[in-house]
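Data first, discussion second: the structure below is written as structure tokens.
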Ligand SMILES: Cc1cc2nc3c(=O)[nH]c(=O)nc-3n(C[C@H](O)[C@H](O)[C@H](O)COP(=O)(O)OP(=O)(O)OC[C@H]3O[C@@H](n4cnc5c(N)ncnc54)[C@H](O)[C@@H]3O)c2cc1C
């Protein structure tokens, strides 16, 4: 078995395959810290995904996996109190509610951001991606896995490693799998020192753009933006080099976030980053290729997770493992 890609998706697939007793290698063009996954905020929430039963199942399985991993401090996974702000009252739970055990609807009674009338409160998994990706790689290697750093010109080259291939190449899958539905979506975040914030706050309906405040152990990720790009390189790491943070956008993000959590207004800025989400019209592709390149006996695709790759990862990895062994 070989998995092409060592972001959140590739590593979770590789570990699930190992758990099924399959000898598995990973090929990645980039080191972990240069993947889009390393930049994710990264909080469980099915951002801009289809409200479909299959997606809910992927999200629910991932929630459960993270909740179990949160018992191991080295993972960097923390179950955090979360507030999801609402700017209009709602009379039914969100479509993803079945994945979140303790979701509660709370009308706002105290002074809060202008226009907010209620909020959902719950505990959700938050993941510090750099330590988490390292932990995944250690786990993969400890189980006998080998990581090759190499950029493939075509998926057929993966057959030099093994005849059964999982394509987890994120944005690059648009070219490697000749899939025109894959497209880049730019995201910018600002990271500030943590002034003592412990609760995650999300305002998807902020009139000036989505706003989120996601605390980690030492810092806080302030977001964000979700801007589809007309054209970009299909190589995610070059995209990271090519898209520099826009200072005016960072100031606007910070101002929105300070409305939600005033403490972050004066916190020292540690960095500002741009990542290019691997989005796909119609949602992530997780299926068996009907006509794999010669030399490949089975090709399973798993790419195009957009702004929800962390949230759907383990559920998609379960599907990939089932498709590989079917
Ligand atoms: C600012 C920002 C915030 C985000 N916040 C969240 C969040 O809070 N929650 C959430 O669920 N998601 C979030 N996301 C989305 C999430 O980061 C992505 O959905 C996820 O990282 C995609 O993972 P991936 O493994 O498919 O892709 P990537 O991480 O891009 O990995 C792709 C892998 O494929 C390899 N590869 C590519 N081309 C080749 C080739 N030719 N040969 C060999 N290897 C190749 C790369 O080297 C890399 O290892 C966020 C994204 C951004 C940008």
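The values are calculated or read from the model by the stated rules, or taken from the named source; none is laboratory data. None of these values were measured; they are calculated from a predicted model. Neighbour counts are summed over all protein chains in view; Cβ atoms, including those assigned to glycine, are modelled from backbone coordinates with ideal geometry.
Numbers at a glance
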read-out: Answer from 238, 294 - the residue that is modelled with pLDDT under 95, farther than 22 Å from residue 47 by Cβ and touching a helix residue (DSSP H, G or I) at 6+ places or on another chain (Cβ under 8 Å); value: 294
read-out: In segment 85-100, residue nearest to residue 67 (Cα to Cα) [restricted to those that are over 21 Å from the mean Cα position of the chain (by Cα) and part of a loop (DSSP other than H, G, I, E, B)]; value: 93
read-out: Filter result (out of contact with any strand residue (DSSP E or B) (no Cβ under 8 Å at 6 or more places or on another chain) and surrounded by fewer than 14 Cβ atoms within 10 Å (Cβ to Cβ)) within segment 113-129; value: 114
read-out: Per-region count, segment 129-160, residues touching a residue at least 24 places away in the same chain (Cβ under 8 Å) and either within 11 Å of the ligand (Cβ to nearest atom) or under 20 Å from the mean Cα position of the chain (by Cα) (or both); value: 20
read-out: Residue pairs meeting the criteria (Cβ under 9 Å; at least 6 apart or on separate chains; first farther than 14 Å from residue 298 by Cα, in segment 163-174; second modelled with pLDDT under 95 and buried (at least 24 other Cβ atoms within 10 Å of the Cβ)); value: 169/236; 170/236; 171/236; 172/236
read-out: Wholly within segment 236-314, strands (runs of 3 or more DSSP E) carrying at least 3 residues that are in contact (Cβ under 8 Å) with a residue 40 or more places away in the chain and either near the ligand (Cβ under 10 Å from one of its atoms) or surrounded by 15 or more Cβ atoms within 10 Å (Cβ to Cβ) (or both); value: 269-280, 298-303
read-out: Only listed residue being at pLDDT 95 or above and within 30 Å of residue 324 (Cβ to Cβ), chosen from 261, 269, 274, 288; value: 288
read-out: Residue within segment 27-37 that is buried (at least 19 other Cβ atoms within 10 Å of the Cβ), closer than 21 Å to residue 325 by Cα and within 15 Å of the ligand (Cβ to nearest atom) present; value: yes
read-out: Test: residue in segment 186-205 that is more than 11 Å from the ligand (Cβ to nearest atom), modelled with pLDDT of 95 or more, surrounded by fewer than 24 Cβ atoms within 10 Å (Cβ to Cβ) and more than 30 Å from residue 267 (Cβ to Cβ); value: no
read-out: Residue 9 touching a strand residue (DSSP E or B) at 6+ places or on another chain (Cβ under 6 Å), over 28 Å from residue 259 (Cβ atoms) and surrounded by 20 or more Cβ atoms within 10 Å (Cβ to Cβ); value: yes
read-out: Pairs with Cβ under 6 Å, 6+ apart, first in segment 4-21 and more than 17 Å from residue 310 (Cα to Cα), second within 6 Å of the ligand (Cβ to nearest atom); value: 4/27; 4/169
read-out: Restricting segment 156-175 to residues that are in contact with a helix residue (DSSP H, G or I) (Cβ under 8 Å, 6 or more places away or on another chain) and crowded, with 22+ Cβ neighbours inside 10 Å, the residue that is nearest to residue 320 (Cα to Cα); value: 166
read-out: Condition met for residue 67 (at pLDDT 95 or above, under 20 Å from residue 216 (Cα atoms), within 16 Å of the ligand (Cβ to nearest atom) and surrounded by 21 or more Cβ atoms within 10 Å (Cβ to Cβ)); value: no
read-out: Members of segment 316-326 that are in contact with a helix residue (DSSP H, G or I) (Cβ under 7 Å, 6 or more places away or on another chain) and either assigned to a loop (DSSP other than H, G, I, E, B) or surrounded by 24 or more Cβ atoms within 10 Å (Cβ to Cβ) (or both); value: 316, 317, 320
